[in-house]
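The values are calculated or read from the model by the stated rules, or taken from the named source; none is laboratory data. If you're wondering where the values come from, they're calculated on a predicted model, not measured in any experiment. Don't worry about glycine lacking a Cβ; one is built from the backbone with ideal geometry, like all the others, and counts go over all protein chains shown.
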Amino acid sequence: MNKNTALDTLIQPGLHGAFVREGFAAPLNVTLTSGRLAGLRLSAKDVFDIAGQRTGAGNPWWLQQQTPASAHALAVQLLLEAGAEWVGKTVTDELAFSLMGINAYYGTPCNPADAQRIPGGSSSGAVVSVAAGYADIGLGSDCGGSCRLPASFCGVWGMRPTHGRIPTKGGFSLAHSFDTVGWFAASGQVLAEVFSLLANQALAPWPAPKLRVVDDALSVATPAVRDGFEALIARLNPAWQILRLPEGELPLSAWAEAHRVLQGAEIWQQHGAWVSRFGTTLAEDVQGRFRAASSVTPAQVAQQQQVRISASSHLAELLADNSSVLVLPTAPDVAPRLDASPDALQRSRLDAQQLLAIAGLAGLPEVSLPWLTVNGAPVGLSVIGPRGADARVLAAAQQLHLAIHTPA
């Protein structure tokens, strides 16, 4: 399939290139159970099943082999039943296996925060749909950072919940022990309301959190992001309880490698057969990641699983009380420019993975909130909590957002 032809047939025209054409704005039949989300518009990444539509997962060959779904993905169904207004399905990176938001067939959705920079992925269309104002809730997936990094790059709220907390039934899976349903919103209130509904959990007020600053994350960040973070911490002192985790406390490089190996093994287990037949249809960088996934050995999995166990145990100890959260930049830097070289994109990806692997490897909840602007482009601030403490993380993120945007 010619890539220019693909763009004409696969993408809904305009709208920052965020939406796929198939089923756009088609009415969806649901029975309302409440009006909790009345007036809020919903988009969903093209990895979620929508009844009567095919799930394309960002690749036209994959799309051609699918049959229309018989039911909505459960997360989509729950949001629609609560009154959310359907807009359409959004663009994803090919087979959701990227962090940059670039798709050779569907194009790169335009980042509303800075049109000269990539939006991040793989939930690229979902984040752009919210950042550009076409949707109030952008449903995405987060396996290795696919909601958190785009939220940072586009300056909106984004959440990866505790692994297993939100049902993933009905859609494309990338790596089963890492996959989560995630979402974007323009406000912390809407972000929290979506969690409350999908998790079937009431949200109560939380006391001011204890902030544990991750100095290892700052060592990865650019000077501008690091300086901005230190200025924030200085501003929060002494009103907030702040404890610094010294450099060397969290072996982020080792954790990122464990994440890549274990995720890669699961990805190849699920999709190796299809990629072996149709992999040449994928962009070269995506092919490269699948080749790396295919080479993971059982011995490597056993070794890196021990790293995962150690990381999970260590983070559980650090966050064992009922108020501590980790705080760190979501990304080391602003989004790369659209004309960045492949090498520069790969460096950005590897650096970002060191921060994203903390929650991803241990299955922890993380919220990215709008925070800093560097050279006109946004960088998000992240809050991470222990497993199951999603409500604590949401409350801490909203309290931090209020503090950031309250005049000193």
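Among the residues of segment 223-233, is there at least one that is over 30 Å from L74 (Cα atoms), of a type in the set (D, E) and touching a Leu at 6+ places or on another chain (Cβ under 9 Å)? Checking segment 223-233: at least one residue is over 30 Å from L74 (Cα atoms), of a type in the set (D, E) and touching a Leu at 6+ places or on another chain (Cβ under 9 Å). When T92 is tested against (1) part of a loop (DSSP other than H, G, I, E, B); (2) out of contact with any strand residue (DSSP E or B) (no Cβ under 6 Å at 6 or more places or on another chain); (3) surrounded by 24 or more Cβ atoms within 10 Å (Cβ to Cβ); (4) not aliphatic (A, V, I, L, M), only condition (2) is not met. Residues in segment 28-48 that are among the hydrophobic types (A, V, I, L, M, F, W, C) and in a loop (DSSP other than H, G, I, E, B): L28, V30, L32, L37, A38, L40, V47.
Considering segment 156-191 alone, what residues qualify as being under 19 Å from V379 (Cα atoms) and crowded, with 24+ Cβ neighbours inside 10 Å?
Of all residues in segment 156-191, those under 19 Å from V379 (Cα atoms) come to 156-160, 182-188, 191.
Those that are under 19 Å from V379 (Cα atoms) and crowded, with 24+ Cβ neighbours inside 10 Å: V156, W157, G158, M159, R160, G182, W183, F184, L191.
Pick from L282, L245, L232: which is more than 30 Å from E85 (Cα to Cα), among the hydrophobic types (A, V, I, L, M, F, W, C) and outside the structural domain of G360 (by TED's automatic domain parsing)? Give the derivation first.
Numbers: L245 fails: outside the structural domain of G360 (by TED's automatic domain parsing); L232 fails: outside the structural domain of G360 (by TED's automatic domain parsing).
Going through L282, L245, L232 in turn, just one is more than 30 Å from E85 (Cα to Cα), among the hydrophobic types (A, V, I, L, M, F, W, C) and outside the structural domain of G360 (by TED's automatic domain parsing): L282.
Taken over segment 176-230, the criterion of being within 21 Å of P370 (Cα to Cα), assigned to a helix (DSSP H, G or I) and among the aliphatic types (A, V, I, L, M) is satisfied by V190, L191, A192, V194, A217, L218, V220, A224, V225.
Any residue at all in segment 353-360 that is small (G, A, S), out of contact with any strand residue (DSSP E or B) (no Cβ under 7 Å at 6 or more places or on another chain), touching a residue at least 12 places away in the same chain (Cβ under 8 Å) and within 27 Å of D179 (Cβ to Cβ)?
At the first step, the residues of segment 353-360 found to be small (G, A, S) are 357, 359-360.
Checking the rest, the ones that are also out of contact with any strand residue (DSSP E or B) (no Cβ under 7 Å at 6 or more places or on another chain) come to 357, 360.
Filter once more, keeping what is touching a residue at least 12 places away in the same chain (Cβ under 8 Å): 357, 360.
Retained after the next criterion (residues that are within 27 Å of D179 (Cβ to Cβ)): 357, 360.
For segment 353-360, residues small (G, A, S), out of contact with any strand residue (DSSP E or B) (no Cβ under 7 Å at 6 or more places or on another chain), touching a residue at least 12 places away in the same chain (Cβ under 8 Å) and within 27 Å of D179 (Cβ to Cβ): present.
A single entry from A340, A311, A335, A359 fulfils the requirement of being small (G, A, S), under 19 Å from V225 (Cα atoms) and crowded, with 16+ Cβ neighbours inside 10 Å: A335. For segment 138-177, the set of residues classified as charged (D, E, K, R) and in contact with a strand residue (DSSP E or B) (Cβ under 6 Å, 6 or more places away or on another chain) consists of D142, R148, R160, listed by residue number.
Check whether at least one residue in segment 159-169 is within 27 Å of G14 (Cα to Cα) and in the same structural domain as L32 (by TED's automatic domain parsing), and report yes or no. Show your work before the answer.
The initial filter retains those residues of segment 159-169 that are within 27 Å of G14 (Cα to Cα), namely 159.
When the remaining residues are screened for being in the same structural domain as L32 (by TED's automatic domain parsing), the result is 159.
Yes, there is a match, as at least one residue in segment 159-169 is within 27 Å of G14 (Cα to Cα) and in the same structural domain as L32 (by TED's automatic domain parsing).
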